[in-house]
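Trainee: Here it is, the structure in full.
What follows draws every value from the coordinates through simple rules; no lab data is involved. Note that the structure is a prediction, hence the values are computed from the model and not measured. For neighbour counting, all protein chains shown are included, and Cβ atoms are generated from backbone atoms with ideal geometry for every residue, glycine included.
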Amino acid sequence: MILVSACLLGHSVRYDGGSNAHELLLQYNECERFVAVCPECLAMMPVPRPPMELAHVSGKKVLAGKGQAFDAEGRETTEYLLMGAEKLLKIAQDYAAAVAILKEGSPSCGVRRIHDGSFTGKKVRGQGVATALLLKHGLRVYCERDMTAELLEKLVMEDMDTHRF
């Protein structure tokens, strides 16, 4: 199975109660190879909720205990991000998933870019906490911007070859 950020599959789980529906992913969702996931919802965070950002660090630093996350109201949210990442890893292991397609920019799911911690909209290079944990455990992680019909076809075929049922 392929893990996919639930917001990309049209689920209203974003911090503001919206989604980031991605048309190509929605089309391929019909192949029944995707598991919709949201690390922040797995950590029992409400929808909607105040936006969160990593405090001028990457998800790797947070995993190493060398960084924190806060919401826009100043509350520390590090433990939620760590809990969501751990639960996501458990799901990946339970499904023997080798691939995840996650939402770029998220403090949990960002693949190459995350918000800088200033709540000004500025993004910097870095990974979200869940992405960093999945990568640490050998999963291949893509963001929605990587998705083409050719790549999705390849990923689905690889998954079908690996997980016949």
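Trainee: Just for the range 88-101: of the residues that are of a type in the set (Gly, Ala, Ser) and outside any helix (DSSP H, G or I), which one is surrounded by the fewest Cβ atoms within 10 Å (Cβ to Cβ)?
Mentor: Across the range 88-101, the extreme among qualifying residues is ALA96.
Trainee: Select from the range 17-59 the residues that are among the charged types (D, E, K, R) and under 19 Å from THR131 (Cα atoms) and list them in ascending order.
Mentor: GLU40, GLU53, listed by residue number.
Trainee: Select from the range 1-24 the residues that are farther than 22 Å from ALA85 by Cα and touching a strand residue (DSSP E or B) at 6+ places or on another chain (Cβ under 6 Å) and list them in ascending order.
Mentor: Across the range 1-24, there are no qualifying residues.
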